[in-house]
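So the structure is just underneath, and the comments pick up after that.
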Amino acid sequence: MEKIYTAQEIAEQLKIKKTTVYELIKRGELQATKVGKQLRISQQQLDAYLGASQQPTPKPLATEKSTPIRAASDSAILQIDYLQNDSGLIISGQTAQIIELLKSCMEESGDSYPMLHSYMNSYNSLYSLYFQKTHLALLCLPYKKDGTRDHRLITGMLPGMSVCLTTLCDLWLGIYVKKGNPKRISGLPDFCRSDVITVNRERGCECRILLDDFLKETGYKSPQIDGYQKEMLSHLSVANAVSSGQADAGIGDLSQLNACPDLEGIPLVRASLLLVCDSSLQQHPAFPAIQRAVSAESFRSALKHFGGYDTSRTGELITL
């Protein structure tokens, strides 16, 4: 039977406030069903929200004398009041709780700027940044084996652009398995075993890239992986598939397992969660506000509260 959640349970999964869940429902971004006098959200409705790929097109960054940013190509977005402000920004990324935390820390410090969250994976976020469909892109970038970060994915997808990278935190990507690891899975080669059923992520997600790189390097073929074609649109969806017994294993952000007590994780690769923007955004009044929020102790403390996030590089700024 499909899982059904209360608004509070959705808030806990997404690491956002319960009032934010109701606001998402009110705006029509998250579908819900009324059972008596109570609202309930199904797993399918949650997956649809997490997989929604809105790609509004912002106008050039506004100054004090310029016209408001408007997403003229999407009539639904036009109804959102906070985009009718000349300081409004569009931020794309899949880690909703980090974006909500960033906005919350900015509000607490009095640096509140209207932001629209467009839910897209790392690859599509960079693509949208290049085509000026978003102002800020949240990117999960794995470390190389020597412990350094390979920025070629960024420079390759943003040719000719000067970009700023703000490190939000480090995390681990790994394999979700049931508590006790009944199938004795130790790494990606086990995905090719005939007795292991897996679940995959969509193209462009860092977890999918990690698996496809493994196939290319080792010579294994995707048909050897039972479940390779079954794509999920979020870490929580992968975790739910493993938790419910639909799959034995799947790749995800191990910090998300705090919401899944019946699962455990097998670390694969360390990665950085980066906020990427065109260097010209430094002229926008929101840029120093974002830097102040990321560097604030309240931001670091909240990340540690989530669990699984390393804040030793939080606030680090690099220009490419």
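Stretched out fully, how many nm does the piece from residue 305 to residue 224 gain, at 0.36 nm a residue minus the Cα gap?
Working: separation 81, 0.36 × 81 = 29.16 nm, distance 3.92 nm.
Going from the current span to full extension adds 25.2 nm.
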The simple spin-label model distance between residue 212 and residue 298, using points 7 Å out along Cα→Cβ, in nm, is 4.0 nm
For residue 155 and residue 282, what does the FRET efficiency come to when R0 = 30 Å and r is the distance between their Cβ atoms, rounded to the nearest 0.05?
0.95
Residues whose modelled amide H sits under 5 Å from the amide H of residue 263, counting only those 5 or more places away in sequence or on another chain, are 179
Can you work out the Karplus-derived ³J(HN,Hα) for every residue in region 258-272? Use 6.51 cos²θ - 1.76 cosθ + 1.60 with θ = phi - 60°, whole Hz, and x for glycine or proline.
4, 8, 10, x, 8, 10, 9, x, 10, x, 10, 8, 7, 9, 10
Within region 292-309, list the residues whose amide N lies under 20 Å from a label point set 7 Å along Cα→Cβ of residue 109.
292-306
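Rounded to two decimals, what ratio of Rg to Rh does region 149-223 give with C-alpha atoms and a Kirkwood Rh? Write out the running numbers ahead of the final one.
On the way: Rg = 16.0 Å, Rh = 15.2 Å.
In region 149-223, Rg relative to Rh is 1.05.
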Long-range HN-HN contacts of residue 230 with modeled amide H, under 5 Å:
200
A chain fully extended from residue 194 to residue 42 at 0.36 nm per residue, minus the present Cα-Cα distance, gains in nm 51.6 nm
Part-to-part distance (alpha-carbon centres) for region 178-199 and region 274-302, which is given in Å:
40 Å
Under a point spin-label approximation (7 Å from Cα along Cα-to-Cβ), what is the residue 184-residue 132 distance to one decimal in nm?
5.9 nm
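Suppose all protein chains stay in the model; what accessible area per residue would a 1.4 Å probe give for the chain, in Å²? All intermediate terms of the calculation are to be shown ahead of the outcome.
On the way: 14880 Å² over 320 residues.
Averaged over the residues of the chain, the accessible area is 46 Å².
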Computed over the Cα atoms of the chain, the Rg and Dmax in Å are 19.6, 63
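Once you sort the root eigenvalues of the Cα gyration tensor of region 93-186 as a ≥ b ≥ c, which label holds: rounded (a/c under 1.5), prolate (a/b larger than b/c) or oblate (the other case)? Intermediate values should be presented prior to the final figure.
Working: a/c = 2.11, a/b = 1.34, b/c = 1.58.
Oblate shape, in that a/c is at least 1.5 and b/c is the bigger or equal ratio.
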Per-residue HN-Hα couplings for region 274-284, Karplus 6.51 cos²θ - 1.76 cosθ + 1.60 at θ = phi - 60°, whole Hz, x for Gly and Pro?
10, 9, 10, 8, 5, 4, 5, 5, 4, 7, 7
Amide H of residue 42: which non-local residues (sequence gap of 5 or more, or other chain) have their own amide H closer than 5 Å, using H built in the peptide plane?
5, 33
Whole-percent carbon and sulfur share, accessible surface of the chain, 1.4 Å
51 percent
Given 179/230; 15/144; 178/221; 18/133; 3/216; 15/230, which pairs have Cα atoms separated by over 32 Å?
3/216
Counting every Cα pair in region 219-320, what percent are over 20 Å apart?
56 percent
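The values are calculated or read from the model by the stated rules, or taken from the named source; none is laboratory data. Here the structure is a predicted model, which is why all the values come from computation and not from measurement. Here Cβ is always computed from backbone atoms with ideal geometry, including for glycine, and neighbour counts include all displayed protein chains. Surface areas here come from the heavy atoms of the whole protein model, side chains and all, with no ligands, DNA or RNA. Shrake-Rupley method; radii C 1.70, N 1.55, O 1.52, S 1.80 Å.
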